[in-house]
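> I'd like to ask some things about the structure below.
The values are calculated or read from the model by the stated rules, or taken from the named source; none is laboratory data. Predicted model only: the values in this text are computed from it and were never measured. Cβ placement follows ideal geometry from the backbone for every residue including glycine, while neighbour counts extend to all protein chains displayed. With ligands, DNA and RNA removed, areas are computed over all heavy atoms of the protein, side chains included. Shrake-Rupley method; radii C 1.70, N 1.55, O 1.52, S 1.80 Å.
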Amino acid sequence: MFKHLLRTLLLLCAVVSLAACSSDSDAPEAQAQTTLNLDLRVVPEHIQVSEYKYFTVSFKELNTGFTVIQELTNTSSLKTVLPTGTYNISVEGSIIFGDNSTLTEAKVSGIQTGVVINGTEQTKIIDISLKAGKSSDLILEEIFFAGTTTPQGSMYFGDQYFKITNNTDKTLYADGMLLIQSAFMTNEKQDYSPNIMGSTFSAGAIIRIPGNGTTYPVLPGSSIIIAEDAINHKEFNPSSIDLSHADFQIFKEDSDDINNPAVIKMTNVFEKMVIHTQGYYAYALARMPAGMTNDALVNQNSYTYTYNLTFGGDVYPMDGTAVKIPNEWITDAVNLSVQDSFQWLVTSPSLDMGWTSVTSFDGDKNRFGKAVRRKAVGKTAEGKNILKDTNNSTVDFDHGVKPSLFN
């Protein structure tokens, strides 16, 4: 408890200053040039790569928007010259891996944010991992996390919700689906040990849809709603919505929480899920192996992570507990943040190569009443939306839009 309080107080007190590079996007050649040696490393390390087929590597300077895209073939190394600046480097491509008897071609991806190119020759390593295939399960269509305001201007919470959709052409069942909140925050990058992001998602809170396997069918193109508080919020805030008919509700048994007896409770598996009104976390859907219980999930996959919190020149050792969710269990993942405070993705890029938000800066009051919602790329023969799902939340989602349930 002391470490948690210390960490909170230090983060509240911290003032971060960022050194901006030149914003002259019209003349990047006028800036100092840096030779960058880039090496790609496949994770997890046990994957035996027999061929690096091809890669597309994108360098985007964060202050100017200056972008360079380069292609690689049959190599995992790149030597390039870039103007001085701070870059996001993203990689997508294909490898062949396996032993001599069985070889598999797979898509891979990776990203590293905030890479400082400072005028001297540098070598950087980018971790790349197997890219998750197109989902054949339920996905997160919409997340309304910001809450609303009353006509008097007061903040109003509890009307947050998750909209989960069947983006396939067959009936799926929501029974047993895990909804997971990340242990780590997208606006607070730390050097966590062990670093297991390449193969697992570190869960800080987990809830689960109940059912026996065929209790809650979701038809093609249809959705379910998981509400923070499944009540008619318009009775308390005319600017809010009626969630009394949600499919499921988040209910914390040992808290003074609101319960609607007519709405099914989510099962609490690990810790309490508290939805941050500015985002700052990633959310994921996952399926456990058949027969695994909630207790077995937590007991077999809990781990302790450590990191050093640095403040004012002093270093404070910190630790925490999370649950490891193997990436192959996850059907969908979305990183959320705020534009001016985003620091890193808290998922493997194989799950999500980007992030989305409802606002551009911390504390923006215009965030209230806005959601992130997945883009529609077409219609089915039955008139249902076909949702965009490229495992890149930056391009898959409309951000800062009116929540669909407010229509």
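> For log10 I(q)/I(0) by the Debye sum over Cα atoms at q = 0.09, 0.12, 0.14 Å⁻¹, one of [x] -0.60, -1.07, -1.42; [y] -0.53, -0.99, -1.40; [z] -0.80, -1.02, -1.20 was computed from the structure I shared and the rest are decoys. Which label?
Correct label, based on the coordinates given: [x].
> Okay, moving on. Can you figure out the FRET efficiency of residue 328 with residue 267, using R₀ = 25 Å and their beta-carbon distance, to the nearest 0.05?
E(calc), rounded to 0.05, equals 0.65.
> Between residue 154 and residue 321, with labels modelled 7 Å along Cα→Cβ, what's the label distance in nm to one decimal, could you check?
3.7
> Right, something else. Which one of 310, 115, 240 is farthest out on the positive end of the charge dipole of the chain, using unit charges on Cβ (Lys, Arg +1; Asp, Glu -1) and the Cα centre as origin?
Result: 240.
> For a paramagnetic label modelled at 7 Å from the Cα of residue 311 toward its Cβ, which residues of region 180-216 fall within the zone defined by backbone nitrogen distances under 17 Å?
185, 187-191
> Got a number for the accessible area of residue 258? Probe 1.4 Å, square angstrom, nearest 10.
Near enough 70 Å² of accessible area.
> Same structure, new question: Loop-only check: which GluC sites (Glu not before Pro) in region 87-183 are DSSP coil with at most 12 other Cβ within 10 angstrom?
Within region 87-183, the qualifying GluC sites (Glu not before Pro) (loop, at most 12 other Cβ atoms within 10 Å) are 121.
> So what's the angle, to the nearest 10 degrees on a 0 to 90 scale, between helix 2-13 and the longest Cα principal axis of the chain?
So the inclination is approximately 70 degrees.
> Per DSSP H run of n ≥ 4, the term is -39500 (n - 2.57); total these for the chain, divide by its residue number, and report the mean residue ellipticity at 222 nm rounded to 500 deg cm²/dmol.
Result for the chain: -1500 deg cm²/dmol, rounded to the nearest 500.
> Follow-up question, since we're still on this one. Give the distance, in whole Å, between the Cα centre of region 334-407 and the Cα centre of region 133-193.
Value for the Cα centre distance between the two parts: 10 Å.
> Hull surface divided by four, with the convex hull built on the Cα atoms of region 33-130: how many nm²?
With the hull built on Cα positions only, its mean projection is 5.8 nm².
> List the chymotrypsin sites (Phe, Trp or Tyr not before Pro) within region 342-407 that fall in a DSSP loop (any state other than H, G, I, E or B) and whose Cβ has at most 15 other Cβ atoms within 10 Å.
Filter output for region 342-407: 361.
> Taking the Cα centre of the chain as origin and charging only Cβ (+1 Lys, Arg; -1 Asp, Glu), how large is the dipole, in debye to the nearest 20?
400
> Between residue 53 and residue 189, with labels modelled 7 Å along Cα→Cβ, what's the label distance in nm to one decimal, could you check?
For the pair residue 53/residue 189, the computed spacing is 3.0 nm.
> Okay, next question. Relative contact order, percent, of the chain when contacts are C-alpha pairs under 8 Å separated by at least 6 residues?
15
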